[in-house]
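A.B. asks: Below is one structure. I have some questions about it.
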Amino acid sequence: MTWDWSAVREFMPHFWDGLLVTLQALVLGSLISFSLGLVWALLMRTPTRWVRWPVGVVTEFVRNTPLLVQLFFLFYVLPEWGLTFSALTTGVFAIGLHYSTYTMQVYRAGIEAVPAGQWEAATALSLPARRTWFAVILPQAVRRVVPPLGNYVISMLKDTPILVSITVLEMLGQARLFSQQHFQFTEPLTVIGVAFVVISYLASLLLRTLERRLVR
């Protein structure tokens with residue numbers, strides 16, 4: 001077997017297209033998972049069990065079913081109910097929803113790690129609940145949860161190839177399509193393998209830098 005550089009050059013335009021889609025799915029999926037995970041965490045702390053119970057059931061169901069099953073359900077079943085979205089939109093939402101049930105637990109741990117004295121001080125100052133959460137508790141909790149949230153960003157990156165199952169041409173989808181058309185598999189698959197390593201490494205560096213700045 002010989003390495004064919006001409007195949008690499010021919011594949012690169014397809015690679016850049018796939019990389020753009022992969023990064024879109026990663027960034028948007030991360031935003032959804034972080035935002036929705038915080039919402040889940042706050043709802044689970046409400047004193048009303050009629051709020052906590054449905055949230056707990058939904059998040060447990062999502063966390064304990066495969067991402068691929070959820071992806072197929074959103075892509076193939078929702079249109080039967082009149083809800084039709086593009087493949088990329090469906091994939092982004094599926095990833096964000098799935099990982100929000102994990103980021104919820106990260107936020108929960110971060111909130112519980114805030115010293116009780118901070119809650120008592122807010123109560124002593126008669127701060128309203130909204131200000132207590134957003135000015136006292138959440139800023140401290142967020143500093144604690146950056147590392148585990150960063151791990152889930154990398155996990156989401158590694159799960160983006162699953163989107164090819166619903167026709168999204170991210171990096172793996174572009175590599176598979178190119179390979180089937182040109183009967184060359186080694187070069188495109190190697191290129192995207194290296195790309196995933198590089199992106200994961202750069203993301204970890206960025207997250208470590210952010211963590212150091214938040215700790216100051």
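A.B. asks: Go through the range 53-96 and count every residue that is polar (S, T, N, Q) and out of contact with any Leu (no Cβ under 8 Å at 6 or more places or on another chain).
C.D. replies: Selection size over the range 53-96: 5.
A.B. asks: Does residue 173 fit the bill of being assigned to a helix (DSSP H, G or I), of a type in the set (Gly, Ala, Ser) and in contact (Cβ under 8 Å) with a residue 40 or more places away in the chain?
C.D. replies: Considered against the rule, which asks whether it is assigned to a helix (DSSP H, G or I), of a type in the set (Gly, Ala, Ser) and in contact (Cβ under 8 Å) with a residue 40 or more places away in the chain, residue 173 comes out as yes.
A.B. asks: A further question on this structure: Aromatic (Phe, Trp, Tyr), open to solvent by 40 Å² or more (accessible area, probe 1.4 Å), modelled with pLDDT of 90 or more and assigned to a helix (DSSP H, G or I): which single residue out of 75, 85 fits that description?
C.D. replies: Result: 75 is the single residue among 75, 85 that is aromatic (Phe, Trp, Tyr), open to solvent by 40 Å² or more (accessible area, probe 1.4 Å), modelled with pLDDT of 90 or more and assigned to a helix (DSSP H, G or I).
A.B. asks: May I ask you to verify whether residue 30 is over 20 Å from residue 168 (Cα atoms), surrounded by 11 or more Cβ atoms within 10 Å (Cβ to Cβ) and under 17 Å from the mean Cα position of the chain (by Cα)?
C.D. replies: No, not satisfied.
A.B. asks: Okay, moving on. Taking the range 14-34 on its own, how many of its residues are more than 17 Å from residue 203 (Cβ to Cβ) and free of Cβ contacts under 8 Å to residues at least 12 places away in the same chain?
C.D. replies: 1
A.B. asks: Does residue 59 satisfy being surrounded by fewer than 14 Cβ atoms within 10 Å (Cβ to Cβ) and under 30 Å from residue 134 (Cβ atoms)?
C.D. replies: No, not satisfied.
A.B. asks: To continue, here is another question. One residue is enough: does the range 150-167 have a residue meeting the conditions assigned to a helix (DSSP H, G or I), open to solvent by 50 Å² or more (accessible area, probe 1.4 Å), touching a residue at least 60 places away in the same chain (Cβ under 8 Å) and within 21 Å of residue 40 (Cα to Cα)?
C.D. replies: Yes, the range 150-167 contains a residue that is assigned to a helix (DSSP H, G or I), open to solvent by 50 Å² or more (accessible area, probe 1.4 Å), touching a residue at least 60 places away in the same chain (Cβ under 8 Å) and within 21 Å of residue 40 (Cα to Cα).
A.B. asks: A follow-up question, please. Looking at 132, 190 in this structure, which one is under 20 Å from residue 38 (Cβ atoms) and assigned to a helix (DSSP H, G or I)?
C.D. replies: Going through 132, 190 in turn, the sole match is 132.
A.B. asks: Give me the residue from the range 1-13 that is assigned to a helix (DSSP H, G or I) and open to solvent by 70 Å² or more (accessible area, probe 1.4 Å) and, out of that set, nearest to residue 203 (Cα to Cα).
C.D. replies: 13
A.B. asks: Given the condition of a type in the set (Gly, Ala, Ser) and in contact (Cβ under 8 Å) with a residue 12 or more places away in the chain, answer yes or no: does some residue in the range 186-202 qualify?
C.D. replies: Yes, the range 186-202 contains a residue that is of a type in the set (Gly, Ala, Ser) and in contact (Cβ under 8 Å) with a residue 12 or more places away in the chain.
A.B. asks: Residue 59 is checked against (1) within 17 Å of the chain's Cα centre (by Cα); (2) closer than 17 Å to residue 168 by Cβ and fails just one. What number does that condition carry?
C.D. replies: (2)
A.B. asks: If you don't mind, there's one more thing I want to ask. Just give me the residues in the range 119-157 being over 15 Å from residue 71 (Cβ atoms) and either charged (D, E, K, R) or modelled with pLDDT of 90 or more (or both), in sequence order.
C.D. replies: 120, 130, 131, 143, 144, 152, 153, 154, 155, 157
The values are calculated or read from the model by the stated rules, or taken from the named source; none is laboratory data. Being a predicted model, the structure only gives us computed values, none of them experimental. Note: ideal-geometry Cβ built from the backbone for every residue, glycine included; neighbour counts use all protein chains shown. Please note that ligands, DNA and RNA were not included when accessible areas were found on the heavy atoms of the full protein model with its side chains. Shrake-Rupley method; radii C 1.70, N 1.55, O 1.52, S 1.80 Å.
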